[in-house]
Amino acid sequence: MAKEYITTNRNRGVHIHSVISRENYTKIYELVSFFYEKNIHISLGIVCPSYFDEAENPLEYNHFNFKDLDVILTQFEK
């Protein structure tokens, strides 16, 4: 779809919005690279409460601690 819209209709485009969660936070670089290589814009959001856990290993599914955020952010430095 992205290729079709970029060449035939300049008024439309395909963009991806993905959510960073415990399920995928260690593979964000791969996700972004996949769409980037196809010239598809991608935006990211993070699923978490309005605070970050101080716990070493957060128990709730989408809670993140600061170490988890480091894992996410260092992927963008590649």
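Every number here is computed from the coordinates shown, using simple stated rules; none is lab data. A quick note: this is a predicted structure, and the numbers were derived from the prediction, not measured. Cβ placement follows ideal geometry from the backbone for every residue including glycine, while neighbour counts extend to all protein chains displayed.
Some points to look at:
- Potential extension, S43-V19 segment - 0.36 nm per residue separation minus Cα distance: 7.8 nm
- Footprinting exposure proxy ranking of H17, H63, fewest other C-beta atoms within 10 angstrom first, gives H17, H63.
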